[in-house]
Amino acid sequence: MCGIVGYIGNREACPILIGGLRRLEYRGYDSAGIALLNHEGNLNVYKEIGKVANLEAHLADKDASGVIGIAHTRWATHGVPSVRNAHPHLSQSGRLALVHNGIIENYAPIKQHLSEQGYTFQSDTDTEVLVQLIEFCQQRDNLPLHEAVRRALNEVIGAYAIAVVDRQEPDMLVVARQSSPLVIGVGEDNSEFFVASDATPIIEYTNNMVYLNDGEVTCLRIGQEMQIHTLQNEHVDAQVQFVDMSIGSIEKGGFDHFMIKEIYEQPQSMRECMRGRLLASRHEVVLSAVNLHRAKFLQAKRIIIVSCGTSWHAGLIGKQLIESWCRIPVTVEYASEFRYSDAVVGPDDVVIAVSQSGETADTLAALQLARERGAFLMGIVNAVGSSIARTTDTGIYTHVGPEIGVASTKAFTGQVLVFAMFALALGREKGVIDTQTYEHVIDELSRIPDKMETVLRQNDYIADLSKRFTYAHNFIYLGRGYNYPVALEGALKLKEISYIHAEGYPAAEMKHGPIALIDGEMPVVCIATHHQLYEKILSNIQEVKSRGGRVFAVVTEGDESVCKLADYCIQVPETLSPLAPLLAVVPLQLLAYHVAVQKGLNVDRPRNLAKSVTVE
């Protein structure tokens, strides 16, 4: 995760940029850098390894003047942490400087083409390839900076948020975004503009913000209206929003904890994950991973999903989706076990690694084993440019945005959504999913974000219910079919942040042991949406009640049978059975959160846990 800050106006830029970098320090980085256009028209770039304080000390005796500048904190993706790989990057002539968040997926062929045109490269990064491409377009066609940026971005594949300055156009700052957040702060009378990865670094200067959409390129000039165009050169009107937030609350967006913020972000994160992929109006799912490697996927005899924790639960749902819509056998393995097993893996297998951070050590090791045995590797990760993203042959980013809370929420729903889109796309390519089902699922997926918002409106009710469960020392979660992994995930969320022992089971397995634990002190959470095996789980609930158990049920709107039996019911909107987990998991996330809050625990940083598990 990296951070961008930019400024163009009449103030000295350096203090604004350095202050902004400090506020982005929570993102983590291995280097920091700044580029300033000074009053003489010189473009000066300064970089340092490590913290922002190191860069600030380095600038103490330098010419750090200028009213236009860009700055960056880096977490290494392409190239080891070093000054040469740190941002900003210069073009070959030294005319342009660029900072970039994200990853340019097709940087290698672009780099090869530019090398053939005489360009040389000073770093190992994909970012330098992008700034060289912009200069190439600029010089080849004699273009102004903003047009050269637009032309270059039409040739790249990947995710990016960029800011670019040109010493020959010293009155301009150009920014663009694709699947990586970028916000522009607007000064009074357009006298100055602030650019950042989020509002945190710039909220002290302005509350008026423009949030760029994917595929938009913006030209900023002092005293002029910002000019926004799409990559297709269509004009876009700037939508200025007043952001009523304080500096102290901006990182959590006004929420008490990152976890609850991220739970509430899920409708929008689902929209971001689907953007450009699920084309509802055309009844089409477009995934470059499937399109570019169609033959590999069509020839696959088996798919193996390797993951840990929450991602493993998402993989269990992915297994059912792929088997149902693609008719390919799937196994789901704990990466920590798979890496040490004598696994039978070969060239006809596709191994899918699932990880929020993309850095999970066990999952990376499992991939290495699969590569040694000739399997085709695919990643499903959230962190752009992570190790898993670089290690695999192809992949799909979840694009749900940064997840800071240790207990994953929107990462889980993002992974399930990616599996659904992948299974739809591959099933269509194989010709094994019928058109009616394909189009029906696409229609319903497009409605999921709005239905999630409906579920979130019950937050206050769930918060009140949670007070009744703080006494508990044990929980059992039960589900069937697609909702069985939801039971596992709900139990994991509760144990992670409330320290209450909780276990998830397929509901039918309750009779094979766990039923012995049920009494009046044992809350039982049942995911009983009106789908596959509904009558079966209704019988399981009756068995729990006959033994004095207290039932908290997640049901479909309008349910009567379960609600007559259960002590507490949370209703979720009706949806298709394979998509039920996307809605059913949200009440369980809220329940875990509120129980932990009632117990006075540190929700975002539970004891003994880390966000990215990079050791065994």
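Please treat every number below as a calculation from the coordinates, not as lab data. Keep in mind that what you see is a predicted model, and the values were worked out from it rather than measured. Heads up, the Cβs are rebuilt from the backbone with ideal geometry, glycines too, and the neighbour counts pull from every protein chain shown.
When peptides 433-439, 443-449, 223-229 are sorted by average Cβ neighbour count within 10 Å, with the highest value leading, the order is 443-449, 223-229, 433-439. Report, in listed order, any pair from Lys252/Lys451; Lys261/Lys410; Lys261/Lys451 with a Cα-Cα distance greater than 20 Å. With Cα atoms farther than 20 Å apart: Lys252/Lys451. Across the stretch 478-485, rounded Karplus estimates of 3J(HN,Hα) from the backbone phi angles (6.51 cos²θ - 1.76 cosθ + 1.60, θ = phi - 60°) give 10, x, 10, x, 4, 8, 4, x Hz, Gly and Pro being marked x.
Across the stretch 3-252, C-alpha contacts under 8 Å between residues 6 or more apart give a mean separation that, scaled by the residue count, equals a relative contact order of 18 percent. Charged neighbours of Asp464, selected by a Cβ distance under 15 Å, balance to +1 (K, R count +1; D, E count -1).
So which GluC sites (Glu not before Pro) in the stretch 475-547 are both in a DSSP loop and have at most 13 other Cβ atoms within 10 Å of their Cβ? Sparse-neighbourhood loop GluC sites (Glu not before Pro): Glu521. Oblate is the label for the stretch 485-526. Its Cα gyration tensor axes, ordered a ≥ b ≥ c, give a/c of at least 1.5 and b/c at or above a/b. Listed peptides 367-378, 136-147 appear in the order 367-378, 136-147 once ranked by packing, highest mean of other Cβ atoms within 10 Å at the front. How would you classify the stretch 3-252 from its alpha-carbon gyration tensor, with a ≥ b ≥ c the square roots of the eigenvalues: rounded for a/c under 1.5, else prolate if a/b is greater than b/c, otherwise oblate? The shape class here is rounded. Computed across the stretch 170-282, the Kirkwood hydrodynamic radius from all distinct Cα-Cα pairs reaches 15.5 Å.
Size estimate for the stretch 477-608 follows the Kirkwood approach: the inverse of mean 1/r over distinct Cα pairs works out to 14.7 Å. Quick one: net charge of Ile104's neighbours, Cβ under 11 Å, K/R +1, D/E -1? Once positives and negatives cancel, what remains is -3. Dividing the Cα radius of gyration of the stretch 263-449 by its Kirkwood radius returns 0.94 for Rg/Rh.
Measuring spread by the Cα atoms of the stretch 271-331 yields a radius of gyration and Dmax of 13.3, 36 Å. Tilt of helix 534-546 relative to the longest C-alpha principal axis of the chain, in degrees (0 to 90, nearest 10)? The angle comes out near 60 degrees. Rounded to the nearest 10 degrees, what's the angle between the helix 126-141 long axis and the longest principal axis of the chain, both from Cα atoms, 0 to 90? Value to nearest ten degrees: 50. The peptide list 210-222, 158-170, put in order of mean Cβ contacts within 10 Å with the highest first, becomes 158-170, 210-222. Summarising the amide proton neighbourhood of Val306: residues at separation of 5 or more, or on other chains, whose placed amide H is nearer than 5 Å comprise Glu333, Ile352, Ala353, Val354.
What FRET efficiency do you get for Gln239 and Glu521 if R0 is 41 Å and r is their Cβ-Cβ distance, rounded to the nearest 0.05? After rounding to 0.05, the efficiency reads 0.15.
Here the chain is treated as a sphere whose radius is the Kirkwood value from Cα pairs; by Stokes-Einstein at 25 °C and 0.890 mPa s it diffuses with a coefficient of 96 µm²/s. Comparing Cα centroids, the stretch 525-558 and the stretch 143-206 end up 52 angstrom apart.
Dividing the summed -39500 (n - 2.57) terms of all DSSP H runs of n ≥ 4 by the residue count of the chain sets its mean residue ellipticity at 222 nm at -11000 deg cm²/dmol. When restricted to Cα atoms, the stretch 466-555 yields an Rg and a Dmax of 11.9, 33 Å, respectively.
Per-residue Cβ neighbour counts within 10 Å put Lys301, Lys599, Lys493 in the sequence Lys301, Lys599, Lys493, beginning with the fewest.
Computed on the Cα atoms alone, the convex hull of the stretch 69-179 gives a volume of 93 cubic angstrom per residue.
Taking the longest Cα principal axis of the chain as reference, the axis of helix 580-598 is set at about 90 degrees.
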